[in-house]
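J.: Before I ask anything, let me first share the structure, which is written out below as structure tokens.
The values are calculated or read from the model by the stated rules, or taken from the named source; none is laboratory data. Source: prediction; values computed, not measured. Because the Cβ atoms are built from the backbone with ideal geometry, glycine has one as well, and the counts that use them run over all protein chains shown.
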Amino acid sequence: MLTEAKKQKLIENIKLYIKKFLSGSITDLDESGTRIMINHFLTDVLGYTALEEVRTEYMIKGTYADYMIQINGKRHFLVEVKAFSLNINESHLRQAVNYGANEGVEWALLTNGKQFDFYKIIFEKPIQHKKVFTVDLTDSSSLKAAYDIIEYLAKDSLNKGGLDALWNKAQAMTPISISKQLLCPEVVAIVRKNVNKAYEMKFNDQQIQETILKVIAEKIDLSGFKVPRLVKKENTPKKNPPPETNVITSVENPEV
């Protein structure tokens, strides 16, 4: 969603945030102190304008959400902050979801300054919610993935439909979504062809589809099974163009 230059700038700003707040010098911080961290995260990292786009203490039916991200009057997602020293729990999640449901906002970011959990609120009866991602900026081993996912929340991404793209990405990789693809006629036909060739048999599409469904639905003992390595397709080197000749061609009424 971001240009390469803006993506690198985002990464640099995340690293600065980590160095400033998550380097180990802060071990105990109350909720008001944690909000100072989140102010920096929303403005310095994600690029939102303080006050104008980062609405603090946003009133929702007599209570207050910590932040509402709002651009040109459109509310995009709310942010609920918990103390740095607390672990995020189900009670905190219910609070954030209730805020979103009461205000008609379908996205909620729940954070304690180091862990960031992002949810989509689904307006059905009853109200549902789905976790889109969780990021822990204190886990150095997962920072590369964190950079790639936080990108979708940046202001420049948001203006290009970043939240919808993020949701599509999350939905595409669910087990249900992949199962549907595995059971589609095109995939079944390829599997049938390969199985028939490997075992010199003649199974039909229905038999193959039923077996794939069985693999999906049941726990299969894969002990001793090695997952085949994915072979990257090598780029075929371009052939040098033939030498130019002195042949002159003419075209009548060329299309512009």
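J.: Which residues, taken from the stretch 167-176, are surrounded by 12 or more Cβ atoms within 10 Å (Cβ to Cβ) and not basic (Lys, Arg)?
T.: 167, 170, 171
J.: Another question about this same structure. Only one residue in 160, 125 is in a loop (DSSP other than H, G, I, E, B) and closer than 25 Å to residue 5 by Cβ, so which one is that?
T.: Just one listed residue meets the conditions, 160.
J.: Can you name the residue in the stretch 120-148 that is within 11 Å of the chain's Cα centre (by Cα) and in contact (Cβ under 8 Å) with a residue 24 or more places away in the chain and is also surrounded by the fewest Cβ atoms within 10 Å (Cβ to Cβ) among such residues?
T.: 147
J.: Sticking with this structure for a sec: Please state which of the following conditions residue 76 fails to meet, knowing it meets all the rest: (1) crowded, with 17+ Cβ neighbours inside 10 Å; (2) modelled with pLDDT under 95; (3) not small (Gly, Ala, Ser).
T.: (2)
J.: Please find, within the stretch 87-117, the residue that is nearest to residue 39 (Cα to Cα) out of those that are in contact (Cβ under 8 Å) with a residue 40 or more places away in the chain and not basic (Lys, Arg).
T.: Taking the stretch 87-117 as the starting set, the residues that turn out to be in contact (Cβ under 8 Å) with a residue 40 or more places away in the chain are 102-103, 107, 109, 111-114.
Remaining after also requiring not basic (Lys, Arg): 102-103, 107, 109, 111-113.
Working: 102: 24, 103: 22, 107: 18, 109: 13, 111: 12, 112: 12, 113: 10 Å.
Applying the filter and picking the extreme gives 113.
J.: Now for a different question. Select, from 24, 47, the only residue that is at pLDDT 95 or above and assigned to a loop (DSSP other than H, G, I, E, B).
T.: Result of the check over 24, 47: 47.
J.: Does at least one position in the stretch 63-81 carry a residue that is touching a residue at least 24 places away in the same chain (Cβ under 8 Å) and either assigned to a loop (DSSP other than H, G, I, E, B) or closer than 14 Å to residue 137 by Cα (or both)? Before you say what the answer is, go through the steps one by one.
T.: Of the stretch 63-81, the ones touching a residue at least 24 places away in the same chain (Cβ under 8 Å) are 63, 65-69, 71, 75-81.
Of the ones still in play, those that are also either assigned to a loop (DSSP other than H, G, I, E, B) or closer than 14 Å to residue 137 by Cα (or both) are none.
Taking every residue of the stretch 63-81 in turn, none turns out to be touching a residue at least 24 places away in the same chain (Cβ under 8 Å) and either assigned to a loop (DSSP other than H, G, I, E, B) or closer than 14 Å to residue 137 by Cα (or both).
J.: Here's another thing I want to ask about it. Go through the stretch 177-202 and report how many residues are exposed (fewer than 14 other Cβ atoms within 10 Å of the Cβ) and not acidic (Asp, Glu).
T.: Looking only at that region, the number is 15.
J.: Evaluate the following for residue 9: is it charged (D, E, K, R), in the same structural domain as residue 86 (by TED's automatic domain parsing) and without any contact (Cβ under 8 Å) to a residue 12 or more places away in the chain?
T.: Values: charged (D, E, K, R): yes; in the same structural domain as residue 86 (by TED's automatic domain parsing): yes; without any contact (Cβ under 8 Å) to a residue 12 or more places away in the chain: yes.
In short, yes.
J.: Please work out if residue 26 is over 22 Å from residue 128 (Cβ atoms), surrounded by 14 or more Cβ atoms within 10 Å (Cβ to Cβ) and more than 20 Å from the chain's Cα centre (by Cα).
T.: yes
J.: Further, regarding this structure: Could you list all residues from the stretch 142-157 that are among the hydroxyl-bearing types (Ser, Thr, Tyr) and either part of a loop (DSSP other than H, G, I, E, B) or over 11 Å from residue 46 (Cα atoms) (or both)?
T.: Answer for the stretch 142-157, where residues must be among the hydroxyl-bearing types (Ser, Thr, Tyr) and either part of a loop (DSSP other than H, G, I, E, B) or over 11 Å from residue 46 (Cα atoms) (or both): 142, 147.
J.: Let me ask something else about it. Just to be sure I understand, how many residues within the stretch 95-145 are hydroxyl-bearing (Ser, Thr, Tyr) and over 14 Å from residue 79 (Cβ atoms)?
T.: Going through the stretch 95-145 one residue at a time, the tally reaches 5.
J.: Give just the number: which of (1) part of a loop (DSSP other than H, G, I, E, B); (2) in contact with a Gly (Cβ under 8 Å, 6 or more places away or on another chain); (3) within 20 Å of residue 121 (Cβ to Cβ) does residue 88 not satisfy?
T.: For residue 88, the exception is condition (2).
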